[in-house]
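Chemist: Got a structure here, written out as structure tokens. Questions coming.
Nothing in this text is a laboratory measurement; each read-out follows from the coordinates by a stated rule. What you see is a predicted model; the values in this text were computed from it and never measured. FYI the Cβ positions are ideal-geometry reconstructions off the backbone, even for glycines, and counts take in every protein chain you see.
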Amino acid sequence: MSKYLLDKFLYTVDRDPELVERYREDPAGTVAWWEEEMANSILNCHSHERSTWLAFTDEERDVLVRHDHVRLFELGAHPFLTLTLFIAMFERDHGPLEYQIGFGRRLQHFDLPYPDIAT
């Protein structure tokens with residue numbers, strides 16, 4: 001499992017409105033495309049350097065495709081990255097702060113210490 005790769009996915013998709021919409025409408029296709037094209041690119045590198053070893057586990061792929069923010073949190077994905085992306089995708093379907101309250105409610109069963117979010 002790679003918390004880094006999960007966080008990188010959340011971070012890069014959230015910063016591109018077209019990718020946000022693509023992930024909302026076609027999560028499986030977006031995750032597959034992103035893993036193939038973007039997972040091994042180096043963040044903030046403009047020389048097109050790439051690594052070759054990063055890939056999601058089957059579970060990570062499944063969790064991303066299902067938009068399962070509770071399981072992402074359990075896996076150690078950063079909750080602020082998850083929340084900001086999911087707000088961009090789903091807040092429009094809810095009333096003011098309704099999505100955020102529901103997001104938090106689905107995480108309320110966690111006790112301290114929370115899952116480690118360090119990468």
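Chemist: Which value, in Å³ per residue, describes the convex hull spanned by the Cα atoms of the range 3-105? Can you show the working numbers first?
Modeler: Working: hull volume 9.9 nm³, N = 103.
Value for the range 3-105: 96 Å³ per residue.
Chemist: Sort 68, 7 so that the residue with the fewest other Cβ atoms within 10 Å of its own Cβ comes first and the one with the most comes last. Mind dumping the intermediate values first?
Modeler: Numbers: 68 15, 7 19.
Fewest-to-most ranking of 68, 7: 68, 7.
Chemist: Could you rank the peptides 82-89, 99-106, 57-64 by their average count of other C-beta atoms within 10 Å per residue, with the highest value first? Could you put the intermediate results ahead of the total?
Modeler: Values: 82-89: 19.5, 99-106: 13.9, 57-64: 16.0.
The peptides rank, most packed first, as 82-89, 57-64, 99-106.
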